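Q: Handing you this structure, nothing more for now.
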Amino acid sequence: MRPITWTTIAAALAVICLSSPVVGEMPKNQQKKYPPKDEIPNLKSPQMKKWMAEIDWSKVPKIPMSKANRPECPECPEDKKKIPKDSCWWTCGGCVAKDDVEKCPKAKSWGLTYDDGPSEDTPRLLKKLKASNATATFFIVGSRVLEYPELLKQQVREGHHLAIHTWSHQGMTSLSNEEVVAELKWAEQIIFDVTGLKTKYWRPPYGDVDNRVREIARQFGYKTVIWTKEWDSNDWQLPEKTITTKQVYRNFKWALSTLPKLKYGPITLEHDLFESDVNVAHALLDMGIAKGLDPMDIARCLSDDRPYQNSPVKKVDPPKKPALPQLPQSPPPQVAAKPVAAVEEEEAKAPPAAAPPKKVEDEVKPAADNGEIDAQGTKKLGAGIRVQWGASAVAVVVATAAFLL
């Protein structure tokens, strides 16, 4: 038997490591439930039929698809007149719809957002956010969840807000209606399966959205989030080496200089997909806080107490009736006491008090005993009545005799 060398052991360990799933990666048998990574999902699946039936297509504007080298951002036509006036296409013209979210209503509130993750560098960003006592909204690409599902759970545990950034990061205006549905709903589905949360906010890749795409997302219960003009960190250019770190810092410093003029809070665009993104994110966070910005997730920025579509409705106690105002009690009028000598002089001059009137019962004398009731209930004549009747009888006899004589 040939002896086992350290080289053989190291090679064996390398094979084992490469064939084993990355820590936190979704098991292969579970990954089969979802579309392939970074590809537009299959439009013939049973789920798609169900999702398509949820849309009232009569309300979706018939706006032509834009042209793009997928998955890149669509190109704007040279002749801007070819853009439909009712499209409100953000990419070509910067049009913002009334219900688009592009800023925080309150000044100094900082809508802190990170796109394209999660990634292997996301844990470093989470550590920094925790140390800074800050929360953020992470716009999740569905395909990345297949690789790092456990990071989503960590983000939720640490108080961050999850939103969707589609399944495969395509320019949305270049997709058909069916493809738009697939990109939105598969991203929503995998986040729900991992966390139990049904997302409510979404950000179109590249900010590429028009009224056709908006309406489809709106009917699925989504709010479209862009970012504040001039507050794109441009960190996405770092991996492409089309911008330097110093330029990113300089641009952000200039944006911070406009804060005194702003009557609202900015929403920034940053990323957590690459190491270079996360590196500058640390410094930008410190710079913003030093200038008085209060970093927070989009739901908090909008004072939305239901950050997800399935968030429980908070019970609000009925307002208490205001207590009636207590009127100050006036003290009783103070009567000045008269001197004793004055009181005695007034009593001497006063006429004598009249005798109190006699009571009626005092004037009525008790009635004489005129009889009593015997045992049989017959009233007997009293002695006084018998004398009176006897005298009357004698008088009648005398008078009759005198008349006859």
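Read-outs throughout are calculated quantities, based only on the coordinates presented, and are distinct from any laboratory measurement. Predicted, not measured: the structure shown is a model, and the values here were computed from it. Please note: Cβ atoms are built from the backbone with ideal geometry, for glycine as well, and neighbour counts cover all protein chains shown.
Q: Run the dipole for the stretch 99-311 about the Cα centre, Lys and Arg Cβ at +1, Asp and Glu Cβ at -1, nothing else charged, and hand back the magnitude in debye, nearest 20. Intermediate results must be reported in sequence, preceding the final value.
A: Values: 28 positive and 31 negative charges, 195 e Å.
In total the dipole reaches around 940 debye.
Q: Given the convex hull of the Cα atoms of the stretch 59-115, what is a quarter of its surface area in nm²?
A: 6.1 nm²
Q: Take the alpha carbon atoms of the stretch 209-279, find their center, do the same for the stretch 53-85, and report the distance between the two centers in whole angstrom.
A: 22 Å
Q: Sort Lys127, Lys32, Lys223 so the one with the fewest other Cβ atoms within 10 Å of its own Cβ comes first.
A: Lys32, Lys127, Lys223
Q: Classify the stretch 152-241 from the C-alpha gyration tensor, please: rounded if a/c falls under 1.5, else prolate or oblate depending on whether a/b exceeds b/c.
A: On the way: a/c = 1.64, a/b = 1.04, b/c = 1.58.
Oblate, since a/c reaches 1.5 and b/c is not below a/b.
Q: Then there is this: Which order results if Glu178, Glu54 are arranged by neighbouring Cβ count within 10 Å, fewest first?
A: Glu54, Glu178
Q: R0 = 51 Å: FRET efficiency of Asn69 with Lys291, Cβ-based, nearest 0.05? All intermediate terms of the calculation are to be shown ahead of the outcome.
A: Values: r = 39 Å, r/R0 = 0.76.
Rounded to the nearest 0.05, the efficiency is 0.85.
Q: Give me the net charge for the shell around Val60: Cβ to Cβ below 10 angstrom, other residues only, Lys and Arg +1, Asp and Glu -1.
A: Details: positive: Lys59, Lys62, Arg212, Arg214, Arg218; negative: Asp56, Glu215.
Computed value for this residue: +3.
Q: Follow-up. Report the label-to-label distance for Leu259 and Ser176 in nanometres (one decimal), using points 7 Å from each Cα along the Cα→Cβ vector.
A: 4.9 nm
Q: Still on this model: Just the number: Rg to Rh for the stretch 99-311, Cα atoms, Kirkwood Rh, two decimals. Let's see the in-between values first.
A: Details: Rg = 16.0 Å, Rh = 17.1 Å.
Computed over Cα atoms, the ratio is 0.94.
Q: Tell me, what is the percent relative contact order of the stretch 99-311, built from C-alpha pairs under 8 Å that lie six or more residues apart?
A: Numbers: 410 pairs, mean separation 75.5, N = 213.
After rounding, I find 35 percent.
Q: Going by how many other Cβ atoms sit within 10 Å of their own, how do Glu215, Glu78 line up, fewest first?
A: Glu78, Glu215
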